[in-house]
Amino acid sequence: MEKKLKIFLSLILTLLSLLLISGALWLQPEAGALLDKDQDYLSTLALKIEKIPQERRKKAMLLRLGLEGPLTPGGSAFHTKLLKLAGGVPGVFGGADNGLAPVTSEQWRKFAPDFVYTVSSEYSAVQKLMERPEWRGVPAVKNGRIVPFADELVSQASEYAGYFASWLASEMYPDEFADEKNLVHPMKITGERPLSIDVPYVRQARIVESVIMDFTHKTLLVDFERPQRIISTNSGQLDGVMTVGNSYSPPQTWSIYHKLGFERSQSDLLQTLGLDETVSSVMVTGADMDNAAVKTASYRDMTVTAVVTAGVESNALRTSKDTGAWYEPGTINILVMTNHRLTDRALARAIVTITEAKTAALWDMDIRSAQTRAENPATGTGTDTVVVVSGEGVPLNGSGGHAKMGELIAGAVHQAVREALLKQNGKAPRRGVAERLRERGIYAAHMPPDCAPQMEALLLSPDSTARGFMEAAFSVSDAFVMGQVSDLRSFNAWALAVASETAGRPVEKLEDLFNGTRVPEVLDTALDALLTGIKKRDKP
C-alpha cells in the first residue's frame, strides 16, 4: 500500500509540474485534452513500472555534452524525476542541483549505468566519447544501450512528459514491456472514424483506434466489396484480399516489437482488429494515421488514388551509401488503388514507378539521410512499404513512366508523399536556410559564440545575399559529393566575395571558424565565409 501511495504522489507531483510548465496552454482549447492524454500515459506507466521488481530496475542517466565535457541533470532536475517515473535509478552527480552537473570518467565508471539516453543532435559525439577506454567499460556501452531521442523532447520540459516517460521506460525495459503477464489493459478496439476514399470497389475506409501492448494504435483500413489481387513488398503477391491497411505503432511499442518480431506483432494487431490474416494485408509504420495524405490523379476514364503516410526523422537513408545496421520505425508507406485492373506485369512494374516518384519527392524537398545528413539526400527510409491493388475494370498492361497509368501513379504518389511529410514532420517544400542547416547536423554550437546570433540574423535578413549563397552552397555541395562538380575554384572565389560583402571591407583569406564534424568541403567553405565576414565586421 505504501508503495502504491508513493507512486500516486509522484504522479500527482509530476502532473502539477506539467500544469505549471504548460500554464499558457490553458489559453488554448486543446490544452485540457493534451493534459488528460498525458495523465493517461502516466497512469498506465505507473502500473507497468510497479510490476518490475526493484532488483531489476536499471541504473540510468541522461548524458549531454557541454563545452567543458559531459553533463547530467542534478538531483532535483526535471529529467531526474522523469527517470524515476520511467522506473530508472538515476545517478546524482550534482547534489540537489536543478541544472546540469559535470560528469567525470571516474564518476561514470563508479555509477556504471545500464542505460543512457541523449539528444539526437549529440548522439554521434556521445558515441565518439564512448570509444575512449575510460568511458567504454560500463554496461550501457557494452550492451549498446545508449539511445538518442529528439532534441525537442529532451531539451525542455513540456506537456508531453508522460508520453516521453513511457517511451523512455519501454526502451529501458523491452523484455518486461513485451511480457503479456505485465500488461495492464486488455487488447481491444476503442473507437473508429470514417475516411473518404472514392474508389469503385472500396466498400468502406476507416481509421480504427485500438489498445495493443497497453498503448494506443491507429490503423487505416480499406475494406473491398469483392476479393482483390494485390502486390505487397511485405507479403508478395496475394489473391482474394478483402482488406488492406496501414497501422501506426506508437514509439512506446517499438522496442517491444523489436523483441517480439514482425510475425508475432502482426498477429496481435490483426487479431485485435478482428481481421482474417489469410485475406488481409496491413503495413506498419511509426507515422501517425492522422497525418495520412490521400491524393487522386485522373485522365479520361483512368483514376489512381494514393494513400501515403511518411516519417523521415529517424531512418531516412541514401541507398548505396548508408549502412543497413538496424531497424527503426519511421517509414514511408504507400497504398495505390486504380479503377482499372492491372495485369501481373503492370502490378509488379507499379512498384518501380511508385519508388521513383517517392524518391523524386524526397529530392525535390531536400530530405536528408539520417545517417549521413550533411553529405547525402535521402532516397527513402529503411522500412518503406508499398501495396498496389490490381483493381477492376478494363485490363492495363503498362504502369511504367511512359504509360499514362504510370504517369498518374507517379503524380498521385509524388503529391501524397509531399503532403504526408508536411503533416508528419512539418517539412514544407521551401524551408528556411537555418532549418536546412540543422537538418544537415549544423548547429549554432558549432560556431563561435559571438558569431552564432549574427549568423542567424544574417540568414533571416531579406536584404542579405547570404541566404541565396547558402542555398546555392547546398546544391553545389551535393553535386560535389556525387562527383558531378570537380573544380571548386569559382565557388571559392564567390565565398571570398561573400565574406568581403558581409564584413563590409575586403577579406583576403577565410578563417577556419566552423568547428562541426563530417561536413563536406563546400559547406565548410560557405560557413567559414559567412563567419569570417561576421568576425571582420567593423565593431561600433
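General remarks:
- Helical segments meeting 18 Å axial Cα length and Kyte-Doolittle 1.6 threshold in the chain (DSSP H): 2-21
- Nearest-0.05 FRET efficiency for residue 131 and residue 360, computed from C-beta distance (R0 30 Å): 0.20
- Loop GluC sites (Glu not before Pro), the stretch 217-307, which have at most 15 other Cβ atoms in a 10 Å radius of their Cβ (DSSP): 277
- Global form of the stretch 188-425, assessed from the alpha-carbon gyration tensor, a/c cut-off 1.5: oblate
- The modelled label-to-label distance for the pair residue 278/residue 189, using points 7 Å beyond Cα in the direction of Cβ, is 2.1 nm.
- Taking the square roots of 5 times each eigenvalue of the Cα gyration tensor of the stretch 472-529, largest first, gives ellipsoid semi-axes of 21, 13, 8 Å.
- Across the cross-link table entries 37/188; 58/110; 509/535, which are compared at the Cα atoms, there are no separations over 23 Å.
- Hits among aspartates and glutamates - C-alpha to C-alpha of residue 59 under 18 Å, sequence gap 8 or more where chains match: 50, 106, 114, 171, 175, 176
- Sites residue 262 and residue 109 - FRET efficiency at Förster radius 30 Å, r taken between beta-carbons, to 0.05: 0.20
- Rounded to the nearest 500, the helix-only mean residue ellipticity at 222 nm of the chain stands at -12000 deg cm²/dmol, with each DSSP H run of n ≥ 4 adding -39,500 (n - 2.57).
- Computing FRET efficiency as 1/(1 + (r/R0)^6) for residue 457 and residue 487, where r is the C-beta to C-beta distance and R0 is 41 Å, gives about 0.80.
- Longest stretch of the chain clear of exposed loop sites (chymotrypsin sites (Phe, Trp or Tyr not before Pro), DSSP loop, at most 13 other Cβ atoms within 10 Å, sites excluded): 1-325.
- Dipole check for the chain: with +1 at the C-beta of Lys and Arg, -1 at the C-beta of Asp and Glu, and the Cα centre as origin, the magnitude is about 500 Debye.
- If you bin all the Cα-Cα distances of the stretch 433-535 at 5 Å, starting from zero, the percentages per bin are 2, 13, 26, 28, 20, 9, 2, 0.
Just so you know, all these numbers are worked out from the coordinates, no wet-lab data involved. Predicted model only: the values in this text are computed from it and were never measured. Cβ atoms come from the backbone with ideal geometry, glycine included; neighbour counts cover every protein chain shown.
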